[in-house]
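**Student:** Below are the structure tokens for one structure; questions will follow.
The values are calculated or read from the model by the stated rules, or taken from the named source; none is laboratory data. The shown structure was predicted, so the numbers you read here are calculated from the model rather than taken from an experiment. All Cβ positions, even for glycine, are placed from backbone atoms using ideal geometry, and neighbour counts span all protein chains on display. Remember, those area values only see protein heavy atoms, side chains included, never the ligands or the DNA or RNA. Shrake-Rupley method; radii C 1.70, N 1.55, O 1.52, S 1.80 Å.
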Amino acid sequence: MKSFDAIIVGAGQAGPSLAGRLTAAGMSVAFVERKLFGGTCVNTGCTPTKTMVASAYAAQMARRAAEYGVTLGNAAIGVDMSAVIARRDAIVLPARNGVEASLRGNPRCTVFTGTASFTGPHVMRVGEEELTAKQIFLNVGGRASVPDLPGVRDVPFFTNSSLLAFTELPRHLVVVGGSYIGIEFGQIYRRFGSEVTIVERAPRLVQREDEDVSAAVQDILEREGITIRTSAECIDLAPHPEGVLVGTNCAEPPPNIPGSHVLLAVGRTPNTQDLGLDRAGIAMDKHGYIVVDDELRTNVEGVYAIGDCNGRGAFTHTAYNDYEIVAANLLDGGSRRVSDRIPCYALYCDPPLGRIGMTEAEVRATGRPALIGTRPMTRVNRAREKGESLGFLKILVDAETKQILGASLLGVGCDEAIHSLLDVMYARAPYTTVTHAVHIHPTVSELLPTVLEDLKPLR
Ligand SMILES: Cc1cc2nc3c(=O)[nH]c(=O)nc-3n(C[C@H](O)[C@H](O)[C@H](O)COP(=O)(O)OP(=O)(O)OC[C@H]3O[C@@H](n4cnc5c(N)ncnc54)[C@H](O)[C@@H]3O)c2cc1C
């Protein structure tokens, strides 16, 4: 049995940074990773997809070149998948290797390769090794959910990981799941030249967003020739001469959608099934997420769960913030909490959706008096100048406190522009802080004060 001050399981978005802080404080750390250093974000999530979003954007702008007075000759726009992948890997591999090198190069950190699982509350087995520590940090992340549909074992299907490992261009990609991951991949492959159909069981895409956001996202995708089938639950998969037949319960014909390939993008499952949590007495919820308190402690003394596996966030920035909370509270005498976090994320379709705080529907559900400001991107000069004026800006404000409650900014640059509102929310300052600020012209951000100067009661 090898004894350490701390064990960290999973080299995702929280574990490696935490190892840096703990070892800098003089602690010895056993670090366990079973697969790819950097976890989902670096290897099969944010980083590779965002490089491909960039390639897809370049293809789209090349197609639109003539609109800008740029001549490319008469050749059709082609996409060289091997070059797309080479560019992607040139960004992913150094990031992965950098995480591994920094852990292995840390003299107080001992790296173990394999799957860690509990044999007791503070003891973990990795292959032949038994490790023990008073403090254990679980950063095991999640993976794509694969629903137990009839036929799912009879056909090849992609998840986010296997699609990223595929080096060809699908002729017709059927994406099951019209939410953040499905939409991102759908638009990427459409822009690369695939036919794309998105099948979503809810009546609209990204159903966690407001209806106007769903409608605008659908419009953006349909303009590019993506077929959207909503209120269409995928109920089975079957082999088909073309590749795969996706069967749906859609009332609109045709119920069956043939495609050359299918991507399952229907949610995520935490990697907790093989951790031996029961042997340590660590509580999980019914979905397999590790139950934590506001400071990310599990029910077992000294054991923490950070990142996607605790069900308190599903993003790289929330996993990283989990690390910050734990490090601040353990090492700096802090009292940071998950509940201090304001929800924020982006949907990386193009143009992107930046989201913070509550949706309009959530604000309405509270019943509080509120104000709303909106503006189409066609009335944002910078967007018009760029020839990218799809989408709209929407901001909600508490009528009494004057604080910003939430915003949905769908449009060019909105994944960045939204941060000026987010910081004002963190400052708990009134929205007039923004209206009194002078923003740079011409930017998307310069219109945020204008939207807030034109607030109307939310009826
Ligand atoms: C296609 C896609 C695109 C995404 N895009 C974005 C985005 O643009 N922005 C954003 O914020 N988020 C995005 N996400 C989400 C983001 O990737 C995750 O929220 C983030 O990676 C979670 O980090 P984590 O540290 O919790 O876990 P992970 O990054 O999943 O890391 C967990 C690590 O634990 C290891 N592990 C698991 N079990 C064990 C075990 N028993 N023993 C040893 N090792 C183990 C795994 O191998 C893995 O390396 C995306 C996700 C996907 C799938």
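**Student:** Taking segment 268-315 on its own, what percent of its Cα-Cα pair distances exceed 13 Å?
**Tutor:** That fraction is 49 percent.
**Student:** With every atom except the alpha carbons ignored, what do you get for Rg and Dmax of segment 119-214, in angstroms?
**Tutor:** My reading of the Cα-based Rg and Dmax gives 19.4, 55 Å.
**Student:** Report, for the chain, the % of DSSP beta bridges that are antiparallel, rounded to 5.
**Tutor:** The antiparallel proportion sits near 60 percent.
**Student:** So how far, in whole Å, is the C-alpha centre of segment 192-209 from the one of segment 1-57?
**Tutor:** 31 Å
**Student:** Roughly how many Å² of Phe166 are accessible to a 1.4 Å probe, to the nearest 10?
**Tutor:** The accessible area comes out at roughly 40 Å².
**Student:** With every atom except the alpha carbons ignored, what do you get for Rg and Dmax of segment 1-82, in angstroms?
**Tutor:** Radius of gyration, then largest Cα-Cα span, for segment 1-82: 22.2, 69 Å.
**Student:** Through the Karplus equation 6.51 cos²θ - 1.76 cosθ + 1.60, θ set to phi - 60°, convert the phi angles of segment 327-340 into ³J(HN,Hα) values in whole Hz; use x for Gly and Pro.
**Tutor:** 5, 5, 6, 7, 10, 10, x, x, 9, 7, 9, 5, 6, 6
**Student:** Could I ask something else about it? Between Ala101 and Glu130, what is the label-to-label distance in nm when each label sits 7 Å out along the Cα-to-Cβ direction?
**Tutor:** About 3.7 nm separates the two model spin labels.
**Student:** Based on the Cβ-Cβ distance of Glu362 and Thr227, what FRET efficiency does E = 1/(1 + (r/R0)^6) give at R0 = 30 Å, to the nearest 0.05?
**Tutor:** 0.50
**Student:** If you wrap a convex hull around the alpha carbons of segment 73-119, what volume per residue comes out, as a whole number of Å³?
**Tutor:** 107 Å³
**Student:** Write out the trypsin sites (Lys or Arg not before Pro) in segment 224-315 meeting two conditions: DSSP loop, and at most 16 other Cβ atoms within 10 Å of their Cβ.
**Tutor:** Filter output for segment 224-315: Lys286.
**Student:** Quantify how much of the Cα-Cα distance distribution of segment 287-438 extends past 22 Å, in percent.
**Tutor:** 51 percent
**Student:** Looking only at segment 83-105, which residues have a backbone nitrogen under 19 Å from a spot 7 Å from the Cα of Ala24 in the C-beta direction?
**Tutor:** Residues 98-105 qualify, since their backbone N sits under 19 Å from the label point.
**Student:** Oh, and also: Can you give me the Rg/Rh ratio for segment 214-363, using Cα atoms for both radii and the Kirkwood formula for Rh?
**Tutor:** 1.08
**Student:** Using per-residue counts of other Cβ atoms within 10 Å, averaged over each peptide, order 372-382, 151-161 from highest down.
**Tutor:** In descending order of packing, they fall as 372-382, 151-161.
**Student:** Same structure, new question: Where q = 0.22 Å⁻¹, what log10 of I(q)/I(0) comes from the Debye formula for segment 25-153, counting one point per Cα?
**Tutor:** Evaluating at q = 0.22 Å⁻¹ gives log10 I(q)/I(0) of -1.25.
**Student:** Same structure again: Kindly list the residues of segment 42-82 that lie in the label zone of Ala90, defined by a backbone N under 15 Å from the point 7 Å along the Cα-to-C-beta vector.
**Tutor:** Within reach of a label on Ala90, which here means backbone N under 15 Å from a point 7 Å along Cα→Cβ, segment 42-82 contributes 51-52, 54-55, 80-82.
**Student:** Can you compute the label reach from Thr401? Point 7 Å from Cα along the Cβ direction, backbone N cut-off under 20 Å, restricted to segment 327-362.
**Tutor:** Under 20 Å, as judged by backbone N against the label point of Thr401, lie 336-345, 355-362 of segment 327-362.
**Student:** Taking a probe of 1.4 Å, how large is the accessible area per residue of the chain, in Å²?
**Tutor:** Here the residues of the chain average 44 Å² of exposed surface.
**Student:** Kindly provide the Kirkwood hydrodynamic radius of the chain in Å, to one decimal, from all pairs of distinct alpha carbon atoms.
**Tutor:** Every distinct Cα pair counted, the radius reaches 24.0 Å.
**Student:** If you keep only loop residues by DSSP, which GluC sites (Glu not before Pro) in segment 80-182 have at most 15 other Cβ atoms within 10 Å of their Cβ?
**Tutor:** The qualifying sites are Glu128, Glu168.
**Student:** What is the percent carbon and sulfur in the accessible area of the chain, measuring with a 1.4 Å probe over the protein chains and ignoring ligands?
**Tutor:** For the chain, the apolar C and S fraction of the accessible surface comes to 52 percent.
**Student:** Please report how far the C-alpha centroid of segment 112-153 lies from that of segment 286-357, rounded to the nearest whole angstrom.
**Tutor:** Each part reduced to its Cα centre gives a spacing of 19 Å.
**Student:** What does the extension gain come out to for Ala437 and Glu67, with contour length at 0.36 nm per residue minus their alpha carbon separation?
**Tutor:** 129.7 nm
**Student:** If you don't mind, there's one more thing I want to ask. Please work out the FRET efficiency for the pair Glu324 and Ala75, using the Cβ-Cβ distance as r and a Förster radius of 41 Å; give the result to the nearest 0.05.
**Tutor:** 0.25
**Student:** If you take the alpha carbon radius of gyration of segment 402-459 and divide it by 2.2 N^0.38 Å, what ratio comes out, to two decimals?
**Tutor:** That works out to 1.07 for segment 402-459.
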